[in-house]
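The values are calculated or read from the model by the stated rules, or taken from the named source; none is laboratory data. This one's a predicted model, so the numbers in the text were calculated from it and none came from an experiment. All Cβ positions, even for glycine, are placed from backbone atoms using ideal geometry, and neighbour counts span all protein chains on display.
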Amino acid sequence: MKINHLAGNTIPVSISLTDTLQAEDIYPAQTQNKKRVVTIALLAVGIAAITSCIAKILVSLINLVTNISFHGNFSVAHASPLGNTLGAWVMVVPVIGGIIVGLMALYGSKAIRGHGIPEAMEQILTNQSKIKPAITYLKPLSAAIAIGTGGPFGAEGPIIATGGALGSTIGQLLHITHNERKILLAAGAAAGMSAIFGSPIAAIFLAIELLLFEFSPRSIIPVALACITGAAGHYYFFEKGPVFAITATIGAASNTALLGYSITGIVIGVIAVLVTKAVYLIEDIFEKLPVHWMWWPAIGGIAVGVVGYFYPRTLGVGYENISNIISGNLSIQIVFSLCIFKFISWAIALGSGTSGGTLAPLLTIGAATGMLLGSVILYFFPLSGVTLPLAALIGMSAMFAGASRALLTSIVFALETTGQVNALLPLLAACTASYFISFFLMKNTIMTEKIVRRGVKTPDLYEPDILEGKSIKDVLTDDATLINEHNTIEEIRAWLKRDVSSRNNYFIIINDENIFKGIINIAEVLSSKNNPAAFIHTLTTQKDVTVSVDYSLRAAVEKMAFADVDVLTVVGNKNSVIGVLSYKDIIATYKHGIDEHNRKQPHISLKRQGIKILVHGQRLIKIVKRKSTTNK
């Protein structure tokens, strides 16, 4: 520690950096933070329970609207538009649904338009996770009408949006931080996905990859508990088995089959990019139409109705289509038609801005594409070991991985919804390949393109915090000026004139026992407004600007920001001063961390072993071998 003696009053400091406070004194807020995690977790569980009930209501509403629209029955029993007897009138039903959704968006809330996840992401990134409470009931109602009248969407998107809106609404009613509100939003959204599919682990990854943009105990614990609750709701309200049950067990893939699945993943990655671009191209076309946006869902409904008339399998949720494809129950001709027509219907409907999701259509298109590509591989390489059910399964997952770049979500989702653990390695290979292609060919994803166009930057990195990994003791400086509180302002001014080498623009004030009393700026000392005969401690403020050496630099930055200071006094046991931390020290540490991260240099030189490295096709000139001895 650098000590400046002023009139003999300043006393030297000889306290070790290891002389720290007790844990409960160093981190008084840590226990409080843990209590907050418990509180938020309990709220998340309650939100998830309510979301599970809403999921059941949503599915019942979809069934009710489907029965009324296509079969003339007033029933909430499961029903599909397939097999209706409306004839050409089937083309009118989606148009009526589109008009109703348009009116709900116009007079209710425009936020019900779209598939839900981008809208939730936007509120998290730009509006402190505040979603209008009306979305809690408008989104499931509008989605039930859109899907029940033939919209080619799944129930998962609307329930994810509804669960997120519920979590946000409760977060707005309570006295919590906006980060805690974000956690409740993500918990509600993930619980909605878990309630529909019974896939709690995939739902956790969905929250991490698309909503939370962080991985910490304070967020993972509430979200995980919410997803468990959502899965319990799924088992209670729906079924206990896999949603997409495969009749035959999938065996382990051979190396040649794994190669085929990897190639399939590459191709599907390209297709996922094209699908994403096509969806937003259609959306751009709708933006240019000379009619009010309220009518766009009805215009999209025309396309849905026409396609549905010629190919009824494209109408409605279509979860049974996914099950039939991955189980191998559909012929190649039917699968090909479903792939093409489902895409046309869904892309136009989604581009029109109606209320619906993307996951089920992507899964359907991906499963169909995977099966078709698997058929091609088997045609040319019949001994490759590729099986059509597994090819369809990895196609389903790879399509979602490429379009959304939610890699872990895609893999785990396929495992949880089918129960086929032997598919893990092929899924990993295909989804990684699809993700790789998408990363290089597409700047944004199907989830982020919309909000990026609105000027919202979406995080895409999950790197460790440089400042969190460093403690204050790692960078503590000994360049500080400690002044006894009984020095006068005049004495300090005189000392400043003599000691021109002092470059600090702040002084730490201590008492005779080396206990921190405050901090002042040099400008305050030199101000003519102050009485020269007054003691220096009269200029100090009462701000809590002390930290322990065991604090992380991130915690120090947060304290600096909260106290609006650019220097912190580091104290040890009994509040005795042992050092000073300035913003310059933190910036230097951060810069050093970035340099270390980006520096490219070899750490092992092969030249020392007598080997000359070939560069750009150079010929090997000399190899020096070590002498060896042989025991005779």
Take the range 558-585 and flag every residue that is in contact with a helix residue (DSSP H, G or I) (Cβ under 7 Å, 6 or more places away or on another chain) and surrounded by fewer than 19 Cβ atoms within 10 Å (Cβ to Cβ). Asp566, Tyr583
Condition (residue is farther than 28 Å from Gly353 by Cβ, outside the structural domain of Thr418 (by TED's automatic domain parsing) and either part of a helix (DSSP H, G or I) or in contact (Cβ under 8 Å) with a residue 24 or more places away in the chain (or both)) applied to the range 137-158: is it met by at least one residue? no
Evaluate the range 186-209: report whether one residue or more is in a helix (DSSP H, G or I), among the charged types (D, E, K, R), at pLDDT below 90 and over 27 Å from Phe238 (Cβ atoms). no
How about the range 241-286: which of its residues are out of contact with any Asp or Glu (no Cβ under 7 Å at 6 or more places or on another chain), of a type in the set (Ser, Thr, Tyr) and surrounded by fewer than 23 Cβ atoms within 10 Å (Cβ to Cβ)? Thr247, Thr249, Ser254, Thr256, Ser262
Out of all the residues in the range 64-76, is one or more farther than 18 Å from Phe153 by Cα, touching a helix residue (DSSP H, G or I) at 6+ places or on another chain (Cβ under 9 Å), surrounded by fewer than 20 Cβ atoms within 10 Å (Cβ to Cβ) and polar (S, T, N, Q)? yes
Return the pair list, or none, for Cβ contacts closer than 8 Å from residues in the range 566-586 that are acidic (Asp, Glu) to residues that are in a strand (DSSP E or B), at least 6 apart or on different chains. Asp566/Ser582; Asp585/Thr477
Quick check on my filter: what residues within the range 511-565 are under 22 Å from Ala588 (Cβ atoms), of a type in the set (Val, Ile, Thr), free of Cβ contacts under 8 Å to residues at least 40 places away in the same chain and part of a loop (DSSP other than H, G, I, E, B)? Val545
Only residues that are among the aliphatic types (A, V, I, L, M) and closer than 14 Å to Val412 by Cβ: list them for the range 199-222, please. Ile201, Ala202, Ala203, Ile204, Leu206, Ala207, Ile208, Leu210
Expected single match for surrounded by 22 or more Cβ atoms within 10 Å (Cβ to Cβ) and at pLDDT 90 or above among Ile54, Ile50 is Ile54
Only one of these is out of contact with any helix residue (DSSP H, G or I) (no Cβ under 7 Å at 6 or more places or on another chain) and of a type outside the set (Asp, Glu): Ile282, Ile334, Ile266, Ile326. Name it. Ile334
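Residue by residue, here is whether (1) among the basic types (Lys, Arg); (2) in contact with a strand residue (DSSP E or B) (Cβ under 9 Å, 6 or more places away or on another chain); (3) surrounded by fewer than 20 Cβ atoms within 10 Å (Cβ to Cβ) holds:
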{"residue": "Gly356", "(1), (2), (3)": "no, yes, no"}
{"residue": "Ala367", "(1), (2), (3)": "no, no, no"}
{"residue": "Gly374", "(1), (2), (3)": "no, no, no"}
{"residue": "Ala392", "(1), (2), (3)": "no, no, no"}
{"residue": "Gly402", "(1), (2), (3)": "no, no, no"}
{"residue": "Leu415", "(1), (2), (3)": "no, no, no"}
{"residue": "Gln420", "(1), (2), (3)": "no, no, no"}
{"residue": "Ala429", "(1), (2), (3)": "no, no, no"}
{"residue": "Phe436", "(1), (2), (3)": "no, no, yes"}
Would you point out which residue out of Val335, Val376 is assigned to a helix (DSSP H, G or I) and without any contact (Cβ under 8 Å) to a residue 12 or more places away in the chain? Val376
